[in-house]
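Notes to accompany the following structure.
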Amino acid sequence: MQTDVVRIGTRGSALALAQAAETRARLMAAHGLPEEAFEIVVIRTSGDLIQDRPLSQAGGKGLFTKEIEEALIDGRIDLAVHSSKDMPTLFPEGLEISAFLEREDVRDVFIGRSVKRLDDLPHGAKLGTSSLRRQALALRIRPDLDVGMFRGNVQTRLKKLEEGVAEGTLLALAGLKRLKLEHVASAVMDPATFPPALGQGAICIESRANDERILPLVRAIHHKATGIALTCERAFLAALDGSCRTPIAGQATVEGDRVSFTGMILTPDGRETHEISGEGGFAEAAKIGADAGARIREKAGSTFFQAWE
Ligand SMILES: NCc1[nH]cc(CCC(=O)O)c1CC(=O)O
């Protein structure tokens with residue numbers, strides 16, 4: 001019956017489609033449903049259309065989610081698949097995150113044209129990235145680098161690198177793995193000195209908060225440890241009003257029934273950095289993140305936040 005088909009909304013990039021297909025496969029396995037029980041509906045977002053400037057200047061995170069959320073509210077789709085790191089901390093009324101899939105590798109990788117490591121780039125070499133976090137972290141280690149705009153989906157960025165637009169770039173290993181492109185990575189960045197974006201590597205599913213048909217279906221594929229880690233990370237981000245304009249990094253890890261969090265904020269030039277950590281039980285995940293956010297704010301002081309405002 002056509003009306004029973006579950007419509008999965010996603011962006012149209014290769015990475016987004018891979019994430020939607022992974023979600024569909026998990027739903028099929030969890031419920032013994034055939035592929036025909038699902039339809040993948042591609043939705044163009046403003047983030048896909050704006051290619052000529054960093055997203056931080058065009059309005060930030062919500063650009064990849066707004067049109068998809070509208071489709072969810074309108075009932076054109078039944079669930080939405082997102083990269084958690086592109087999700088704003090605030091939600092439109094009536095929507096909620098109904099599941100997180102098991103997290104992939106959280107780390108960034110360096111991809112060099114002629115060198116294997118970021119450290120080996122020649123003096124003043126061009127590093128292509130439009131992520132303020134990657135810019136700040138790279139400049140912190142290599143202040144001589146010429147960090148420049150590098151937008152577009154993963155394939156576009158790899159093509160630009162091949163064409164010599166930059167000598168190197170940084171991407172999420174999770175995205176490359178989902179695209180079966182991890183072989184292009186030259187070196188994996190150490191998360192102690194090059195921490196990932198909050199939410200990196202975790203796919204999340206957004207649903208209508210009152211949807212009694214879809215919520216039980218989706219909750220069956222929720223990965224608990226990932227959900228706890230993301231609760232902590234999103235609370236940290238919320239405490240800092242995290243947007244694309246602020247270089248913020250960090251990661252929560254879950255072991256047994258404990259959550260450990262480390263976070264970092266930087267000035268865009270990477271010259272000033274502040275780090276914070278916190279720990280506690282599962283039930284405190286949100287509090288650990290929020291506390292860490294409040295403490296790092298205090299540590300950094302108000303002048304720090306004025307550095308890029
Ligand atoms: N901002 C784009 C984006 N959103 C999520 C990922 C990677 C996959 C993930 O973190 O889950 C990427 C590409 C990248 O940063 O390399």
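FYI, it's all coordinate maths here, none of it is from the lab. Just so we're clear, the structure is a prediction, and the values are computed from it rather than from any experiment. Note that each Cβ is placed from the backbone with ideal geometry, even for glycine, and that neighbours are counted across all protein chains shown.
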Quiz item: Cα extents of the chain along the three principal axes, largest first, in whole Å?
Solution: 62, 45, 35
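For T273 and E70, what is the calculated FRET efficiency with R₀ set at 45 Å and r taken between the beta-carbons, to the nearest 0.05?
After rounding to 0.05, the efficiency reads 0.75.
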Quiz item: Which of L49, L137, L95 moves most in a GNM of the chain, Cα contacts under 10 Å?
Solution: L49
Practice problem: Once you have a ≥ b ≥ c as the square roots of the Cα gyration tensor eigenvalues for the range 6-119, tell me rounded if a/c is under 1.5, and otherwise prolate or oblate according to whether a/b is larger than b/c. | Solution: oblate
Quiz item: In the neighborhood of L170, defined by Cβ-to-Cβ distances under 9 Å, what is the net charge if each Lys or Arg adds +1 and each Asp or Glu adds -1?
Solution: 0
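Return the percentage of antiparallel bridges among DSSP beta bridges fully within the range 97-203, rounded to the nearest 5 %.
Here the antiparallel bridges make up roughly 60 percent for the range 97-203.
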Exercise. Enumerate the whole-percent occupancy of each 5 Å bin, from 0 to the last occupied one, for all C-alpha pair distances of the range 137-280.
Key: 2, 8, 15, 17, 19, 17, 12, 7, 4, 2, 0, 0
Quiz item: Relative to the present Cα-Cα distance, how much length would full extension add between E93 and E163 at 0.36 nm per residue of separation?
Solution: 20.8 nm
Exercise. Measure out, as a whole number of angstrom, how far apart the alpha-carbon centroids of the range 1-33 and the range 135-199 sit.
Key: 28 Å
Quiz item: Over the range 108-188, what is the mean sequence separation of C-alpha contacts under 8 Å (at least six apart), divided by residue count, expressed as relative contact order in percent?
Solution: 48 percent
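Taking Rh as the Kirkwood radius, which is the inverse of the mean 1/r over Cα pairs, what is the Rg/Rh value for the range 76-219?
On the way: Rg = 17.6 Å, Rh = 16.6 Å.
Answer for the range 76-219: 1.06.
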Quiz item: Based on the mean of other beta carbon atoms within 10 Å per residue, what is the order of 292-302, 79-89, most packed first?
Solution: 79-89, 292-302
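With +1 on each Lys and Arg Cβ and -1 on each Asp and Glu Cβ, how big is the dipole of the chain about its Cα centre, in debye rounded to the nearest 20?
Result for the chain is approximately 580 debye, rounded to the nearest 20.
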Exercise. Over every pair of different alpha-carbon atoms in the range 108-188, take the mean of 1/r and invert it; report that Kirkwood radius in Å.
Key: 12.4 Å
Quiz prompt | Mean-position separation - Cα centroids, the range 99-132 and the range 61-84, in angstrom | solution = 28 Å
Quiz prompt | Normalised contact order of the chain, rounded percent, pairs of Cα under 8 Å and 6 or more residues apart | solution = 20 percent
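Tell me the Kirkwood hydrodynamic radius of the range 223-309 in angstroms, computed as one over the mean inverse distance between distinct C-alpha pairs. Don't skip to the end; give the middle numbers.
Numbers: mean 1/r = 0.0774 Å⁻¹.
One over the average 1/r among Cα pairs gives 12.9 Å for the range 223-309.
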Quiz prompt | Where only alpha carbons of the range 142-200 are counted, the Rg and the Dmax (Å) | solution = 12.1, 33
